[in-house]
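The values are calculated or read from the model by the stated rules, or taken from the named source; none is laboratory data. Nothing here was measured: the structure is a model prediction, and the numbers come from that model. Here the Cβ positions follow ideal geometry from the backbone for every residue, glycine too, while neighbour counts run over all protein chains shown.
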Amino acid sequence: MAEQPKRIAVLGSTGSIGTRALDVIESSQGRLEATILTAHSRLEELVRQAQRHRPRIVVATDPTAAEAFDWRRLPPDCELLTGPESLIAAASHPEVDVVLAGIVGSAGLASTWAALEHRKTVALANKETLVMAGQQVSALARQGGTLLPVDSEHSALFQASQAGRPAEIERLVLTASGGPFRHLNPAELQRVTVAEALSHPTWDMGPKITVDSATMMNKALEIVEARWLFDVPAERVAVVIHPQSIVHSMVEFIDGSVIAQLSPPDMRLPIQYALYYPERVAGVAKRLDWASALRLEFEPPNRERFPALALGEQCAAAGGTSGAVLNAANEAAVELFLAGDLHFTEIVPACRSVLAAHHYEPRPTLERLIELDGWARQEISRWMCA
Ligand code: NAD
Ligand code: MG
């Protein structure tokens, strides 16, 4: 009898991660199936994806956009759900095996939470969920769901960590490309434009994470993500600049052995690894060409030029409410930068002052974290006016 396909809910299917997940599903020769697709605004693209992948359900999360859209080209056997609450139905649907969490920002928290509550396997790209509520989400995952990293560094750490036991891990070494502004001096950083910040040297990603890579806030968020995914104390997560983005991260064991995962920068590989886990398949991702010369460089990050790293370390060590505040402040600051209302060099100082102004609590509830997410966004606007 033919094997049943794994049924995937692709949350954020029109995004950079979502479209690459659909590439992986399309090339699976029927082993993976896109059962549910969700998008916020690019609804033309969502309908095109529905025509091609024939999901059972599509979700349009922005109710205003969904209302205004002409849905006549949606295949007749495809059910349409609208509004943000439909994401919960999608993530917990009984006919879904794996939830690919590819929504950007804290908007991805509720659906990831619902999927884990329903003991689904979650292939997690949405790192903001773990930055905001890492303690709560990892505790929930331990109760029966499965959390698999899609972020390339964390997929690398997950793969490399299988070379030893958890207690034998000395250090997790996150690699960072350093982004487009690695060599700029402070005066040059002052003049950075939105277009320059949106042009990444090695990765092609959505706008928010591309700006985060330029400020290195992305690596700060990834320190917090690693702390919770692997249950490792903050001081044992290190960052090294590796401009080629070939070594995706490394695990250093207590005997001094360092195990790395290498591949060209192509998100389809970590997505595929999570969707098929524990199996490896040939797949569609690019491969390294060992017939050509390959140079790999590593250097310590310049912490003065990239003060975001210290904020990540601080939040990974403090836990509690700090991650939710840093994450929301950063989301709001990046939105303002993209709208032309905040300078590139103001993003991190704005986040730092909101983090410093917040009243830290060590054991917040999920409701409190969501409240603080709103508070931190308002504080960023107040910082602008101050
Ligand atoms: P993107 O902007 O390209 O796509 C975001 C997707 O989320 C879109 O489908 C959009 O419709 C949906 N979305 C946006 N706002 C929403 C809302 N309020 N409610 C519901 N859906 C909403 O982003 P991306 O680059 O694909 O990143 C997605 C996530 O994956 C982020 O958390 C990012 O940090 C992480 N990630 C991305 C990459 C990458 O290569 N792009 C790599 C590692 C991790
Ligand atoms: Mg990453």
Of all residues making up the range 330-372, the number that are farther than 25 Å from Ala197 by Cα, part of a helix (DSSP H, G or I) and under 24 Å from the mean Cα position of the chain (by Cα): 7
Flag if Leu80 is over 25 Å from Glu371 (Cα atoms), of a type in the set (A, V, I, L, M, F, W, C) and near ligand 1 (Cβ under 9 Å from one of its atoms): no
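Okay, residues lined up against (1) in contact (Cβ under 8 Å) with a residue 12 or more places away in the chain; (2) within 15 Å of Ser245 (Cβ to Cβ); (3) over 16 Å from the mean Cα position of the chain (by Cα):
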{"residue": "Val150", "(1), (2), (3)": "yes, no, no"}
{"residue": "Glu153", "(1), (2), (3)": "yes, yes, no"}
{"residue": "Val173", "(1), (2), (3)": "yes, yes, yes"}
{"residue": "Leu184", "(1), (2), (3)": "yes, no, yes"}
{"residue": "Glu196", "(1), (2), (3)": "yes, no, yes"}
Residue that is farthest from Thr64 (Cα to Cα), among those in the range 1-27 that are over 16 Å from the mean Cα position of the chain (by Cα) and touching a residue at least 60 places away in the same chain (Cβ under 8 Å): Ser27
Selected residue (only one of Ser263, Ser249 is touching a Leu at 6+ places or on another chain (Cβ under 6 Å), within 12 Å of Ala176 (Cα to Cα), hydroxyl-bearing (Ser, Thr, Tyr) and within 16 Å of ligand 1 (Cβ to nearest atom)): Ser249
Test: residue in the range 157-169 that is within 15 Å of ligand 1 (Cβ to nearest atom), within 17 Å of the chain's Cα centre (by Cα) and at pLDDT 95 or above: yes
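Quick grid of which residues meet (1) within 16 Å of ligand 1 (Cβ to nearest atom); (2) more than 15 Å from Asp212 (Cα to Cα); (3) among the acidic types (Asp, Glu):
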site: Lys127; (1), (2), (3): yes, no, no
site: Met132; (1), (2), (3): yes, yes, no
site: Val150; (1), (2), (3): yes, yes, no
site: Val173; (1), (2), (3): no, yes, no
Strands (runs of 3 or more DSSP E) contained in the range 49-113 and holding at least 1 residues surrounded by fewer than 22 Cβ atoms within 10 Å (Cβ to Cβ): 57-60, 79-82
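Table: residues versus (1) among the small types (Gly, Ala, Ser); (2) touching a residue at least 40 places away in the same chain (Cβ under 8 Å); (3) within 23 Å of Ile17 (Cβ to Cβ).
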| residue | (1), (2), (3) |
| --- | --- |
| Ala214 | yes, yes, yes |
| Met217 | no, yes, yes |
| Phe230 | no, yes, yes |
| Ala234 | yes, yes, no |
| Gln244 | no, yes, yes |
| Asp255 | no, yes, no |
| Gln261 | no, yes, yes |
Residues located in the range 155-171, provided they are hydrophobic (A, V, I, L, M, F, W, C) and in contact (Cβ under 8 Å) with a residue 40 or more places away in the chain: Ala156, Leu157, Phe158, Ala160, Ala163, Ile169
Single condition Pro265 does not satisfy, out of (1) outside any strand (DSSP E or B); (2) in contact (Cβ under 8 Å) with a residue 24 or more places away in the chain; (3) in contact with an Asp or Glu (Cβ under 8 Å, 6 or more places away or on another chain); (4) within 16 Å of ligand 2 (Cβ to nearest atom): (3)
Matching residues, the range 1-21, being surrounded by fewer than 24 Cβ atoms within 10 Å (Cβ to Cβ) and of a type in the set (A, V, I, L, M): Met1, Ala2
Scope the range 131-160; condition over 23 Å from His93 (Cβ atoms) and within 16 Å of ligand 2 (Cβ to nearest atom); matching residues: Val131, Gly134, Asp151, Ser152, Glu153, His154, Ser155, Ala156, Leu157, Phe158, Gln159, Ala160
Out of Ser106, Ser86, Ser41, sole residue that is at pLDDT below 95, farther than 22 Å from Gln272 by Cα and within 24 Å of the chain's Cα centre (by Cα): Ser41
Residue within the range 97-109 that is of a type in the set (Asp, Glu) and touching a residue at least 24 places away in the same chain (Cβ under 8 Å) present: yes
Residue within the range 227-248 that is within 14 Å of Val173 (Cβ to Cβ), within 14 Å of the chain's Cα centre (by Cα) and within 12 Å of ligand 2 (Cβ to nearest atom) present: no
Number of the exception - Gly320 against (1) of a type in the set (Gly, Ala, Ser); (2) touching a residue at least 40 places away in the same chain (Cβ under 8 Å); (3) part of a loop (DSSP other than H, G, I, E, B); (4) under 28 Å from Val247 (Cβ atoms): (4)
Sole residue being under 27 Å from Glu128 (Cβ atoms), surrounded by 15 or more Cβ atoms within 10 Å (Cβ to Cβ) and touching a His at 6+ places or on another chain (Cβ under 6 Å), chosen from Val325, Val247: Val325
